[in-house]
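Heads up: the structure comes next, in structure tokens.
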Amino acid sequence: MSKVGIVIGSKTDKPIIESTEKVLDNLGVEYESVVISAHRNPEKLRDWVLDAPNRGIEVFIAGAGGAAALPGAVASWTTTPVIGVPVPSSQIGGIDSLFSIVQMPPGIPVACVAVGDWGARNAAYFAAQILGIKYKEIKDANEEYRNSLKN
């Protein structure tokens, strides 16, 4: 059963979020990945978020460019942790996405990682750290990776 729900708002964001999926695969963390726009299909997004507990989702990762409403929209319908990945899809290289994601109103938090590939990878590692509180095998896999960085 999937533990991480990954959502992007457009197929054009897929190359960035593939880094997230690769890290989760390497750590043995099950996930589901969907494309749902917060602007074009908010009802579908709401239904996907609200049904997530039935599918085992314990952490969300939402990649978004431009206005970057997707992570905040996800967070508006759940108290499950949401990690936002700013996608560099606009003319200003994703800084607009970064600002949109980090400026959530108090009480509706979204964790935010770096713009682009580094952020996409760190979102997966952060999700693994969160899940590692509950799942020893995920904690062990993440710690093994972290130890490999020392060499």
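Each reported figure results from applying straightforward, stated rules to the coordinates on display, with no laboratory input. The model shown is predicted, which means the values in this text are computed figures rather than measured ones. Note: ideal-geometry Cβ built from the backbone for every residue, glycine included; neighbour counts use all protein chains shown.
If each residue's Cβ is checked for other Cβ atoms within 10 Å, how do 4, 82, 34 rank with the fewest at the top?
If I rank by nearby Cβ atoms, fewest first, I get 34, 4, 82.
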Sequence-distant residues sharing a close amide H with residue 39 (under 5 Å, placed H): none
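Using the Cα centre of the chain as the reference point, and only Cβ charges (+1 on K/R, -1 on D/E), how large is the resulting charge dipole? Debye, rounded to the nearest 20. Let's see the in-between values first.
On the way: 14 positive and 16 negative charges, 26 e Å.
So the dipole magnitude of the chain works out to roughly 120 debye.
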How do the peptides 5-14, 19-28, 104-113, 118-127 rank, highest first, by the average count of neighbouring beta carbon atoms within 10 Å per residue? 118-127, 5-14, 19-28, 104-113
Amide H contacts under 5 Å for residue 85, restricted to residues at least 5 apart in sequence or on another chain and with H modeled in the peptide plane, are 62, 63, 64
Ordered by fewest other Cβ atoms within 10 Å, a rough proxy for footprinting exposure, 143, 32 read 143, 32
Rounded to the nearest 500, what is the 222 nm mean residue ellipticity of the chain from helices alone, with -39500 (n - 2.57) per DSSP H run of 4+ residues and division by all residues? -14000 deg cm²/dmol
Residues 136, 3, 44 arranged by fewest to most Cβ contacts within 10 Å: 136, 44, 3
Once fully extended, how much extra length lies between residue 151 and residue 51, figured as 0.36 nm per residue of separation less the alpha-carbon to alpha-carbon distance? 31.8 nm
Cross-link partners of residue 44 among aspartates and glutamates (Cα-Cα below 18 Å; sequence separation of 8 or more within a chain): 32
Pull up the cross-link candidates among the lysines for residue 139, meaning alpha carbon to alpha carbon under 20 Å and not fewer than 8 places away within one chain. 3, 22, 150
Diffing the stretch 25-31: the Karplus 3J(HN,Hα) column from phi (6.51, -1.76, 1.60, θ = phi - 60°), in whole Hz with x for Gly and Pro, holds 4, 5, 8, x, 9, 6, 8
